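Data block below; observations after.
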Ligand code: ATR
């Protein structure tokens, strides 16, 4: 007798582009976990209602993508320490007692992709995080916890970078890491690792930092993937850096969510290799 699969989804607006259903479906095939994973387009003002409706249908949990990540903490019964620090979440678990547990696996996914898949250690390294919106907020804590020695947060709007640094200053002190905020044009040095967490490519704008932040062999990472990352990757390659897009981060954040929901770690490196071959 076949078992009815447990239902999960990704909620967002837009959501048609999301590769999460393909990733989780492949994880389920490879682990034998009985899950079904869908896309749910949620109206801009209807996130809370969308979550409640999905839970009422018997959903077991969901991933959350743009623009709802910052709405999750206000809805959840309990938030992980990562969510409290970032002020945003990408994973909700619907518990049997009806409560909602929020976590943020984006930063874990980024760290796993940089250290395991790209083979670049973060411990003791100097990192430039470009951007100070939700995407940057979701990864700063995990970058500090991974042992970065120094992190500069550079953002067009300096006040937002300063606020992000302020909210992470206690963790930076605990980790004995240096953490500073700067305007992009004022960053007068180069770094081991440069991470683009801005939406500038979506806005049709160029790379938001001067090329002097790169040196030959730097890892230049764009948290986006596909055409949106191309300009940044070309720029990095042109200046002798090692370019990498965010496809691995996407697969690894999904793997952390799958582990949270199912207690089973899926073979994420295999799934990433399959997706890279398919593109
Ligand atoms: P996300 O959730 O994707 O991070 P967000 O919270 O709207 O989205 O943040 C977008 C980030 O991209 C911000 O750091 C933003 O800079 P500002 O804080 O100055 O707005 C950055 N960004 C967007 N368009 C940009 C552009 N054309 N040049 C430089 N930075 C840009």
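The values are calculated or read from the model by the stated rules, or taken from the named source; none is laboratory data. Model, not experiment: these values are computed from the prediction. Here the Cβ is made from the backbone with ideal geometry for all residues, glycine too, and neighbour counts use every protein chain on show.
Things worth noting here:
- Criterion: within 11 Å of the ligand (Cβ to nearest atom), assigned by TED's automatic domain parsing to the domain that holds residue 127, in a loop (DSSP other than H, G, I, E, B) and loosely packed, with under 15 Cβ neighbours inside 10 Å - qualifying residue of 204, 240, 217: 204
- Filter pass, residue 101 being part of a strand (DSSP E or B), in contact with a helix residue (DSSP H, G or I) (Cβ under 9 Å, 6 or more places away or on another chain) and over 25 Å from residue 275 (Cα atoms): yes
- Filter result for residue 124 (at positive phi, without any contact (Cβ under 8 Å) to a residue 60 or more places away in the chain and assigned by TED's automatic domain parsing to the domain that holds residue 212): yes
- Residue pairs whose Cβ atoms lie under 6 Å apart, sitting 6 or more positions apart in sequence or on different chains, and linking a residue in segment 205-216 that is more than 11 Å from residue 189 (Cβ to Cβ) and touching a residue at least 60 places away in the same chain (Cβ under 8 Å) to a partner that is within 9 Å of the ligand (Cβ to nearest atom) and assigned to a loop (DSSP other than H, G, I, E, B), are 208/198; 208/200.
- For segment 134-150, residues that are crowded, with 24+ Cβ neighbours inside 10 Å and either over 21 Å from residue 90 (Cβ atoms) or free of Cβ contacts under 8 Å to residues at least 12 places away in the same chain (or both) total 1.
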